[in-house]
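Worksheet: the structure to be examined is printed underneath.
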Amino acid sequence: MAYENGEWVLHGLAKDDPYRLKTPWELLDYINDIGFLPLFAGDIPGFSVEERTLATDWWSEDETVDPWEWRRVLAASGKVAYGKFFGGKAGFISLDWFPAFCNWRRDGYDFDARYEDELATFREKKIMDCFQNGERVFSHELKRLAGFGKGGEKNFPGVMTELQKKTYLVLCDFCQRLNKKQEPYGWALAVYATPETVFGADTIAAAYREQPAVSKDRIFAWLKQEYPIATDKQIEKLFG
């Protein structure tokens, strides 16, 4: 998505393009083939959901065709990881590749060990303490429980982005809040959980047998193979 002439513009494929993705399940199949994919366009041409879909379908609120709704469908499916994994921006990672990302980004640490070695902040710990028992937590509720907001800790969005980048949290759904009558209302809000809760601890630990640097090299080499036009600088920027 680019800012052009004072407005945001999506760059997608033509309606009759045979490579256009038309459903969330076609997108899931494509992610499983390609391994990982940002939601919006970046520096690598063609490497995003945006550039594989029809621009006019976005924000139509029809989950059968709207890629913005697809992120909710796929995040809730448990068949792919979704979060801010790419330079602070959102995207998908297949379950075949997510263990490699976890091994690389965590650098061999579970969160408690990272904190004990003073490699995680106290604000990160306050958030992660809310997921000790496999909870799935609304973003607004998490902010309150972790002590952020007025008179409390600062930069909740930034800390959440960092925890997703390090693969300690994923977006697992988008849901409306419920009123006293248990009726949904308002905008759909993000729901977070640990990857272990969503995908299972064994899945997340599947690449722990290799050195984190090896996982990183495999990820970079795979992207270079699938998108040979990508430069080393573009790849480094993509992964932040």
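The values are calculated or read from the model by the stated rules, or taken from the named source; none is laboratory data. Just so we're clear, the structure is a prediction, and the values are computed from it rather than from any experiment. Because the Cβ atoms are built from the backbone with ideal geometry, glycine has one as well, and the counts that use them run over all protein chains shown. Keep in mind that these areas ignore ligands, DNA and RNA; they rest on the heavy atoms of the full protein, side chains included. Shrake-Rupley method; radii C 1.70, N 1.55, O 1.52, S 1.80 Å.
Among the residues making up segment 114-135, those that are surrounded by 15 or more Cβ atoms within 10 Å (Cβ to Cβ), within 19 Å of the chain's Cα centre (by Cα) and of a type outside the set (Asp, Glu) are Ile127, Met128, Phe131. Please work out if Gln132 is over 23 Å from Gly35 (Cβ atoms) and not acidic (Asp, Glu). Judged against the criteria, Gln132 is a match.
Across segment 79-136, which residue is farthest from Lys237 (Cα to Cα) among those that are among the aromatic types (Phe, Trp, Tyr) and part of a helix (DSSP H, G or I)?
Checked segment 79-136; the qualifying residue farthest from Lys237 (Cα to Cα) is Phe131.
Restricting attention to segment 8-36, the residues that are open to solvent by 80 Å² or more (accessible area, probe 1.4 Å), over 22 Å from the mean Cα position of the chain (by Cα) and of a type outside the set (Phe, Trp, Tyr) total 3.
Applying a threshold of 6 Å to beta carbon distances and a minimum spacing of six or more residues, or different chains, the list of pairs starting in segment 59-80 at a residue that is under 15 Å from Gly91 (Cβ atoms) and free of Cβ contacts under 8 Å to residues at least 40 places away in the same chain and ending at one that is open to solvent by 40 Å² or more (accessible area, probe 1.4 Å) and aromatic (Phe, Trp, Tyr) reads Trp68/Trp59. Taken over segment 211-226, residues that are over 14 Å from Pro99 (Cα atoms) and surrounded by fewer than 17 Cβ atoms within 10 Å (Cβ to Cβ) amount to 5. Among the numbered conditions (1) open to solvent by 70 Å² or more (accessible area, probe 1.4 Å); (2) free of Cβ contacts under 8 Å to residues at least 24 places away in the same chain; (3) over 24 Å from Trp68 (Cα atoms), the only one that Asn179 does not meet is (1). The residue that is most open to solvent (accessible area, probe 1.4 Å), counting only those in segment 96-113 that are in contact (Cβ under 8 Å) with a residue 40 or more places away in the chain and acidic (Asp, Glu), is Asp96. Here Gly87 clears all of (1) under 24 Å from Met160 (Cα atoms); (2) buried (at least 20 other Cβ atoms within 10 Å of the Cβ) except the condition numbered (2).
When segment 193-240 is filtered for residues that are in contact with a helix residue (DSSP H, G or I) (Cβ under 6 Å, 6 or more places away or on another chain), under 29 Å from Ser139 (Cα atoms) and not small (Gly, Ala, Ser), the ones remaining, listed by number, are Thr194, Pro195, Glu196, Ile204. Number of residues in segment 227-240 that are within 20 Å of the chain's Cα centre (by Cα) and open to solvent by 50 Å² or more (accessible area, probe 1.4 Å): the value is 3.
Is at least one residue of segment 160-171 in a helix (DSSP H, G or I) and among the hydrophobic types (A, V, I, L, M, F, W, C)? Yes, some residue in segment 160-171 is in a helix (DSSP H, G or I) and among the hydrophobic types (A, V, I, L, M, F, W, C). Here Leu39 clears all of (1) surrounded by 14 or more Cβ atoms within 10 Å (Cβ to Cβ); (2) over 21 Å from Thr231 (Cα atoms) except the condition numbered (2).
Criterion applied to Ala76, Ala55 was being within 14 Å of the chain's Cα centre (by Cα) and over 22 Å from Phe239 (Cα atoms), and the one residue passing it is Ala76. The residue list Val170, Val159, Val191 contains one member that is open to solvent by less than 40 Å² (accessible area, probe 1.4 Å), β-branched (Val, Ile, Thr) and free of Cβ contacts under 8 Å to residues at least 40 places away in the same chain, which is Val159.
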